[in-house]
Every structure is written in structure tokens, then in C-alpha cells.
Amino acid sequence: MDVRSNKGDLKGQIFLFLLVIATCVGVASLAILVYSVLEDATGWFDLAFIFNSPSRFPEEAGIYPALIGSIYLMLLVAVFSFPLGVGTAIYLEEYAGQSRIKNIIELNISNLAAVPSIVYGLLGLALFVRALNMGRSLIAGALTLTLLILPIVIVSSQEAIRAVPDSLRDASYGIGSTKWQTIRKIVIPEALPGIMTGTILSLSRAIGETAPLIMIGAATSMYSAPDGIFSLFSAMPLQIYAWVGQPQYAFQEGVASAGILLLLIVLLTMNSVAILIRNRFQR
Amino acid sequence: MENIYITYCEFGIGINMKKDELSNTNVKKTVLMLIGIIAFSVALAGCVSDTGQNDDQSQDQSADSGNGENQQLSGQVIVDGSSTVYPVSQAMAEEFKKQHSEVKASVTSSGTGGGFKKFVQGETDINDASRPITPSESQKCKENGIEYVEFKVATDGISVVVNQNANWIDSVSKDTLAEIWGPENPPQKWSDVKSEWPDKNVELYGPTSASGTFDFFTENIVGEEDSSRTDYQTTENDNFIIKGVKGSENAMGYLGYAYYQQNEDNVKAIGINGVKPTVESISNGEYPLSRPLYFYVNIDHLKENETLREFVKFYIENADGEIIRQVGYVPATESHQNDLMNKFENVMDGNYEVNYKS
């Protein structure tokens, strides 16, 4: 008798059916979203849209300052969150041992990952914008978003480091390597694909965020791209939010959809980079 | 070949060297790739802002010949506040930017009250407002040593809108509106208000309490600021009020005239005491819910920041014309514009005393 046969296994069939339904819900809603955005964005999404500044005339409106704002934001967040997040993860996994303090820290990090993003906006406003007197600058925005994604970067890096088999570490110690050598030459290279995937996926989340940036007072409309880390800035989700609130339908549907389309393209590009990187390292 | 090393390195220490080299080259490649991406995006940013500058220079020359100004403004202006005034400030910033390309203008919409929270801390240069500053906001400015000046730029008429097919209603009195929106014994059915109205549930849509529109409506209709029934749909986005009212024959909502004007085909504005909102009835004050729109400027910033000074001047110079009309509000009259200019000059000459409210 073939144990893998599904015949007569009613429960198994129902389970399979439920799984297919679950998958369809996600795929279908993405398809509907992409379809409706594409439909509304037709005729609005062109090179002029990408390279123009915002305008009160829908035909002239563009997203350039916000696009550049988002790109700078993403790079800065990557620069801040990668060393902080990976450093914390290495410390917790390789050095901290099994102490009660480590458990408390880990519990707090997991809880932080579930805090609503607007709360990080309040923190960013109080800490970076006011206390550290950075104003509504790009760097204040980037640091706020860094705090937002840091818990996710830490947890995913920890998982990646934990997945490195102990046999590799033991072997390294066995030939006389120090702890530092083992971490640098064995653990980090082995865990890097997982760390990279986690970091880049959380970066995608960061550039899609609106609430914390509104909270710290980032511009919903900027007419020139930022030219330094202390420059005022806007970001794509903020500009889209502003367009959706305009009285004219051309903004709410056409221009806003073109913005959403560009944001989707940037996000998809980032995610494909994540997959590419993972595949390069995977063995 | 690579695959063989990879499989073996799980088991043998001797091959660790190979594995190490392999991942090092991979790391290098990836780093190079990332640097490439970063360089590309920076180059993209750079080359486009270059072309931007070229455009600006040609525009500057024409502007120079026009008003004889030689210096190039390159400072920044931070505008925050009312979502009702936001389209005006946005349009002003856009036109100002065409003349002064190096200027950084940041325009944010976070509601009149939300914007004042930042203005009283001195964090913004200009706060847009769809109602006058409140005594408590004014006192906070005083405590923080912030001197401000108020400019009334345009006039709006809060429009009360219902569904296109709602034939049962065409005009209401202020008292009836107060009954519908007031906090005490709010009617659940339209027939509770007037017996000839339909026996259907009341569905209401309005702005949130952070909005100046809400403050003005409650003060002028209900009779007390911030006093309103709370069992209705609130939103920061006036388009959702339009969508809600468009979707139901039993719905009513209120919002700024600009939003109604863009949606004349979707919703119907009802008259208040028999007067419907039009550009004319709003500008001559006949429409009972006409309200002034303001912007407040931080005087210290005004004196320090030349860009802000020019921007405010530009704002006032254009308060009488096309920009405000295009956005959907009623522009200032010529004499009012002169008053604004005089006020501005007095502020600059130091002949202006801030009148803090208490």
C-alpha cells in the first residue's frame, strides 16, 4: 500500500484545499492591487513624472524630489542599521552566553518589533528632531527609520547566525583559531546570506513607511531634491499621501497611482537584489 | 568545481581555506555591486540637479531683468499646518521655486492644531491655519518667546454636502444643522429632525477634531467650539467625506469649498439659511459659513531668513489672484492685499506689536 496516496484521505484533501485557498488570497489581492494601480497610472507614468517636481497641475506633477529623498533615506538607513543590527546579533549569539540579562534583552527586542510605527515617529520627534536638534532633516528621518527596523534586523540576523552549525565552530577552534577568527572567517560568511536577506527586506519596509515620517514633520511636498544629510526632505509615501488628499480626481487616481507604481518598482527592485545576493552566497 | 568545495567544507577543516577564499570573493563582488548601485543613484541625483540648475540660470536671468534683483536665494522655508490651506501654500511654493530654483521649500499638511504644536516651539517658519490662533496656542508662543504675525490670505466657505439623489433636502437653517450635529440627543433617523424627512438612518461624515474646519463648524453651527456629536465617520482626508456622501442617499458631510467645487458632479451642496456656497456668496459674506484662511509667520525667522521674507512677500503679492482661484478659494480683494503688504512692511520695520490672546 502506498502510504503517500491521498485517496480516501478526506482530512488531507480538505487541508490541501484550505492551503490552496490561503495561497490564492495573497496572490489574488496582489494581482488586483497591481491591476488597479496599472489601470489608473496609465498615461500618467512616464519619464517626466519621474524627473519633475510636484505641481498643482496634474499634467506637470512629478515625484523626483521624493524619489531622491527615498533613495538617500534607504542608503542612510542601510548604513546605520546594518552594523548596529548585525553587531547586536553577533554579541547576543556568540558572546552573551545564556544569562538572564540576555533573555531580558531578547524579550525586549521581540516586543519592540511589534510596536506600532507611529510610536517610533514620536520617539524620533522627541529624540532626534528636538533633543539632538537635527530638525526635519534627512538624517533625523533615517535614524528614526533605523530604530524602527532595528529589531527586525537583529532578530533575522540572530536566526541566521544560529543556523550556522556548531560543527563548523568546533572545527575552527580545533585547529587553534581564536574566537574572533572563528566569527570573522566562519560564522559571518556562513550567516551572511540570511543576514542580507533580512536586512534588505526590512529596508523595503522602511522605505514604505509613512506614519513615522509624518510624525517627525518631513515634508509632504518638496520642490527640490535633498542635497545633504542635514537637508529637508520628502519621501515617496509622503508625496503619495499628499496626492491622495488633493481635491482633484486627477491627483487622487492618476498621479497618486503613478507614484504607487514607482514605489512598487523600487520595492521589487530591492527585493530582487535581496534574492540575487542570497543566491550568490548560497551553497 | 565550486560546488564540490562547498559540499566538502561542511565536513573537512582542510578545505576551510578554499571556502574562505570563495566567500571572500563573493563578499567583494557583492560589495562592488552595492557600491555600483549607490554610485549610480548618486550620479542620477547629481546629473538631474545639474540640468535643474541650468534651467534655473536661464530663468534667473529673465527674473533679474524683471525686478533687478541680483542675489540668488538659497535658503529654506518650512510650512506646516492646515490641510485646507495646504493646496494654496503648495501652489505658492511651486511658483516661488520657478523664480528661485535653489530655494528649499518644505510644505507639510498636519492640520491647523497639529501645525501650531510645532509652530509654538519655533520649529516651523509658517503655519497655515483655517481658524485664528487660539488663546492657549498664543500663550504658548508668548512663553516660548515666539513673536508671530497673522495674514489672512483667502476666504473659504464650509460646504454642507448631501447625495445627488437626496431630493428631500435642499436647504437647511443653521438651527436645524445644530440639531443634527449637536452633542445633545443626536437624531438617529432623519425623520427625528423633521417629520417630512425620510425614516432612514442618519449617516454623517466630517473632519477630525484636529482640523480647523471642525473647530469653525462647531463654533459657528453648534455654538460652542469642539462641541459635536461623536458617533460619525471622521477623517483627515476630505475625499473620504465625498466618497461616503456619494455612496449613500442618507448621508451628509461638511468640508472646504475647494473639495466641493471639484466634486460638483458627485455631491450636492445644500443652502444654509437659503444661501448656497458660490464664489460670489462666499466673497461678499452672504454665505453664513464663510471663513477666512490664514497663515502665521514667525517674526524672528522672518527677520533672519531672507528666503522666508521673499516667500512671504511673494505669497502676499499673489493673494489677490489666479493662484488662489485655481486652488478653489476666493482671493483677497485689492484693498485687503494692500493692508497685508502694509502689515508686512510694518513687521519688517519693527513697528509691529504682537497681540497675544488670553
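The values are calculated or read from the model by the stated rules, or taken from the named source; none is laboratory data. In this text the structure is predicted, and so the values were computed from the model without any measurement. All Cβ positions, even for glycine, are placed from backbone atoms using ideal geometry, and neighbour counts span all protein chains on display.
Things to note:
- The residues of region A:227-241 that are more than 10 Å from chain B (Cβ to nearest Cβ) and either within 18 Å of B:ALA91 (Cβ to Cβ) or aromatic (Phe, Trp, Tyr) (or both), listed by number, are A:PHE230, A:GLN239.
- Index of the failed condition, A:ALA171 passing every other in (1) among the hydrophobic types (A, V, I, L, M, F, W, C); (2) within 13 Å of chain B (Cβ to nearest Cβ); (3) part of a loop (DSSP other than H, G, I, E, B); (4) over 25 Å from A:ILE71 (Cα atoms): (3)
- Any hit, region B:210-217, residues being over 30 Å from B:ASP80 (Cβ atoms) and touching a Pro at 6+ places or on another chain (Cβ under 8 Å): no
- Residue check, A:ARG169 surrounded by fewer than 17 Cβ atoms within 10 Å (Cβ to Cβ) and free of Cβ contacts under 8 Å to residues at least 40 places away in the same chain: no
- Every residue from region A:34-67 that is within 14 Å of chain B (Cβ to nearest Cβ), crowded, with 21+ Cβ neighbours inside 10 Å, more than 20 Å from the chain's Cα centre (by Cα) and not small (Gly, Ala, Ser): A:PHE49, A:PRO54, A:ARG56, A:ILE63, A:TYR64, A:PRO65
- Residues of region A:1-39 that are charged (D, E, K, R) and modelled with pLDDT of 90 or more: A:GLU39 alone.
Condition check ((1) surrounded by 18 or more Cβ atoms within 10 Å (Cβ to Cβ); (2) closer than 27 Å to A:LEU127 by Cβ; (3) without any contact (Cβ under 8 Å) to a residue 12 or more places away in the chain; (4) away from chain B (no Cβ under 12 Å)) across all residues:
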position: A:GLY208; (1), (2), (3), (4): no, yes, no, yes
position: A:GLY217; (1), (2), (3), (4): yes, yes, no, no
position: A:ALA225; (1), (2), (3), (4): yes, yes, no, no
position: A:TRP243; (1), (2), (3), (4): yes, no, no, no
position: A:GLN248; (1), (2), (3), (4): yes, no, no, no
position: A:THR269; (1), (2), (3), (4): no, no, yes, no
position: A:ALA274; (1), (2), (3), (4): yes, no, no, no
position: A:ARG278; (1), (2), (3), (4): no, no, no, no
position: A:PHE281; (1), (2), (3), (4): yes, no, no, no
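- Meets criteria (among the small types (Gly, Ala, Ser), in contact (Cβ under 8 Å) with a residue 60 or more places away in the chain and crowded, with 16+ Cβ neighbours inside 10 Å) for A:SER70: yes
Matching residues to (1) in contact with an Asp or Glu (Cβ under 9 Å, 6 or more places away or on another chain); (2) of a type outside the set (Ser, Thr, Tyr); (3) surrounded by 15 or more Cβ atoms within 10 Å (Cβ to Cβ):
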| residue | (1), (2), (3) |
| --- | --- |
| B:GLU150 | no, yes, yes |
| B:ALA154 | no, yes, yes |
| B:GLY157 | no, yes, yes |
| B:ILE169 | no, yes, yes |
| B:THR176 | no, no, yes |
| B:SER191 | yes, no, no |
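- Condition met for B:ALA258 (surrounded by 15 or more Cβ atoms within 10 Å (Cβ to Cβ), within 14 Å of chain A (Cβ to nearest Cβ) and not in a helix (DSSP H, G or I)): no
- Residue count, region B:114-155 (criterion: under 18 Å from B:LEU340 (Cα atoms) and charged (D, E, K, R)): 6
- Any hit, region B:282-291, residues being within 23 Å of B:ALA91 (Cβ to Cβ), among the polar types (S, T, N, Q) and crowded, with 23+ Cβ neighbours inside 10 Å: no
- The residue that is farthest from B:GLN99 (Cα to Cα), among those in region B:279-323 that are assigned to a strand (DSSP E or B) and among the aliphatic types (A, V, I, L, M), is B:LEU293.
- Residues of region A:243-283 satisfying the condition of being charged (D, E, K, R) and modelled with pLDDT of 85 or more: A:GLU253
- Matching option when the condition is of a type in the set (Val, Ile, Thr) and within 16 Å of the chain's Cα centre (by Cα), among A:THR88, A:THR146: A:THR146
- Filter result for A:ILE183 (hydrophobic (A, V, I, L, M, F, W, C), in a helix (DSSP H, G or I) and either more than 24 Å from A:THR42 (Cβ to Cβ) or within 10 Å of chain B (Cβ to nearest Cβ) (or both)): yes
- Sole exception among (1) surrounded by fewer than 24 Cβ atoms within 10 Å (Cβ to Cβ); (2) at pLDDT below 90 for B:GLU94, by number: (2)
- Whichever residue in region A:250-267 is of a type in the set (A, V, I, L, M, F, W, C) and within 11 Å of another protein chain (Cβ to nearest Cβ) and, among such residues, is farthest from B:MET92 (Cα to Cα): A:VAL266
- Count of region A:201-227 residues, restricted to those that are closer than 13 Å to A:SER70 by Cβ and of a type in the set (A, V, I, L, M), is 8.
- Residue within region B:271-279 that is of a type in the set (Gly, Ala, Ser) and without any contact (Cβ under 8 Å) to a residue 24 or more places away in the chain present: no
- Residues in region B:217-252 that are within 14 Å of chain A (Cβ to nearest Cβ) and either surrounded by 24 or more Cβ atoms within 10 Å (Cβ to Cβ) or small (Gly, Ala, Ser) (or both) were compared, and the one that is farthest from B:LYS194 (Cα to Cα) is B:ASP238.
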